[in-house]
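Some notes on the structure that comes next.
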Amino acid sequence: MTERIDTWLAQCPDPATDPLPGMREAGLLDPAPDYATIARTKAALVERTGLLGIGSVWGGRQLVFRHFLSFGTDAQRAEWAGRALSVAISEPKVGAHPKLLTTRAEATPTGLLITGQKAWVSNGPSADAIIVFAITAEEQGRKRYSAFIVPRDTPGLTIQDMPGFHALRPSRHCLLTLDGCLVPASAMLGHPGSAYDQMALPFRDIEDAVGTFGTLGALRHAIGSFAGTAPQPAEPLGAIVALTAVFAAGAESVVEALDDGRFRTGDATLVGLRLLAIDIVSRLRTLGVPATAEIIADLDATLSIAAGPRLARQARLGEAALHPRTRPT
């Protein structure tokens, strides 16, 4: 992997602005064989560049293909392998809550007509196609969602850049407007009406599990920044190195569980890894080395994303400890 990253960097003029030039030539855009490979490569890219967003740009397209196209047909996988795909679930002002989403796909004699808006589509501006979640049925007041591959040149599809998130540069986000986008029935991924439960909900855990390796790469980059600086107290820095090794071991266990089917939603290890990362970042900040200031700021920002849902998971772990289920005798 080091050789591929070297090859990419030799051909990429400005990774902080546009990391894609040279990636295909270096073999980095080939579909990864498993989540562990995606995770480790993501860590290596972030460690090398010091840019958490590099991991989001590269890792995002790998994750979308591996997870969502696993529900696709052989023809769909062959068509989109190695190409840039993004996923659009969230909508303006309501986020990704399934009760509040309104984008719809209506069946017509020639295909499905998709109408609605999607917001904060990660890597959407550079995507060749976007996987759009849309309502295709309602049963007893419950919305049923299907997912559709919508090529970027589909008539009626408009892509607008949204404000960037500095900590994830050069990752970009977009607002997606679907004004009567007609797609064939063959654009649907998986079974009708099953996309939210089968694809969207598990993807949150997959993103979190693989995302720990972006954090790991950033922590390793920060540790590497101490080389050549003014002498530092060895003991506090040693503690950071040791805790980062523990973080790496935990992250490896999570992604390995993901690959072999042992991972479970609400895994306490993921919650613990986030808390450990916050502690390590605090220790890095205490050392006050200017060379680490930017990566610390980026880590602070990324660790604060979706803080509410993560605190809710933490609370559920506490509730389970306070009120364990009665085991049958």
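A few notes on this one:
- In this entry, A277 passes the filter for residues that are under 25 Å from R169 (Cβ atoms) and either open to solvent by less than 60 Å² (accessible area, probe 1.4 Å) or of a type in the set (S, T, Y) (or both).
- Residue count for segment 37-50, restricted to those that are under 15 Å from the mean Cα position of the chain (by Cα) and open to solvent by 10 Å² or more (accessible area, probe 1.4 Å): 3.
- Among the residues here, R262 does not qualify as out of contact with any Gly (no Cβ under 9 Å at 6 or more places or on another chain), of a type in the set (K, R) and part of a helix (DSSP H, G or I).
- Qualifying residue in segment 237-250 (condition: within 24 Å of L311 (Cα to Cα) and either open to solvent by 50 Å² or more (accessible area, probe 1.4 Å) or touching an Asp or Glu at 6+ places or on another chain (Cβ under 6 Å) (or both)): yes
- F148 falls short on exactly one of the conditions (1) surrounded by fewer than 20 Cβ atoms within 10 Å (Cβ to Cβ); (2) aromatic (F, W, Y); (3) over 28 Å from L273 (Cβ atoms), and that condition is (1).
- Taking residues in segment 28-43 that are touching a residue at least 12 places away in the same chain (Cβ under 8 Å), and partners anywhere that are among the hydroxyl-bearing types (S, T, Y) and open to solvent by less than 20 Å² (accessible area, probe 1.4 Å), the pairs with Cβ atoms closer than 8 Å and at least 6 places apart or on different chains are L28/T41; A32/T41; A39/T212.
- Qualifying residue in segment 268-283 (condition: without any contact (Cβ under 8 Å) to a residue 24 or more places away in the chain, farther than 15 Å from V210 by Cβ and in a loop (DSSP other than H, G, I, E, B)): no
- Any hit, segment 77-90, residues being among the polar types (S, T, N, Q), in contact with a His (Cβ under 8 Å, 6 or more places away or on another chain) and within 30 Å of G27 (Cα to Cα): no
- Candidates in segment 282-296 are the residues that are aliphatic (A, V, I, L, M) and at pLDDT below 90; of these, the one that is farthest from G217 (Cα to Cα) is V289.
- Residues that are modelled with pLDDT of 90 or more and either open to solvent by 100 Å² or more (accessible area, probe 1.4 Å) or among the charged types (D, E, K, R) (or both), drawn from segment 299-315: D300
- Of the strands (runs of 3 or more DSSP E) lying entirely inside segment 30-133, those containing at least 1 residues that are acidic (D, E) span 104-108.
- With respect to the stated conditions, I296 fails to be closer than 24 Å to G95 by Cβ and either in contact with a strand residue (DSSP E or B) (Cβ under 8 Å, 6 or more places away or on another chain) or not hydroxyl-bearing (S, T, Y) (or both).
A quick yes/no check of all residues on (1) closer than 12 Å to F148 by Cβ; (2) modelled with pLDDT of 95 or more:
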| site | (1), (2) |
| --- | --- |
| L69 | no, yes |
| Q76 | yes, yes |
| A81 | no, no |
| A88 | yes, yes |
| A96 | no, no |
| G111 | yes, yes |
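- I159 being within 29 Å of D34 (Cβ to Cβ), β-branched (V, I, T) and at pLDDT 95 or above: no
- Pick from segment 71-121, criterion out of contact with any Ser or Thr (no Cβ under 9 Å at 6 or more places or on another chain) and basic (K, R), ranking: surrounded by the most Cβ atoms within 10 Å (Cβ to Cβ): R83
- For segment 285-329, a residue qualifies if it is among the hydroxyl-bearing types (S, T, Y) and not in a helix (DSSP H, G or I), and the qualifying residues are S304, T326, T329.
The values are calculated or read from the model by the stated rules, or taken from the named source; none is laboratory data. This is a predicted model, so every value here is computed, not measured. So basically every Cβ, Gly included, is an ideal-geometry build from the backbone, and we count neighbours across all protein chains shown. Heads up: the accessible areas ignore ligands, DNA and RNA and are worked out on the full protein's heavy atoms, side chains in. Shrake-Rupley method; radii C 1.70, N 1.55, O 1.52, S 1.80 Å.
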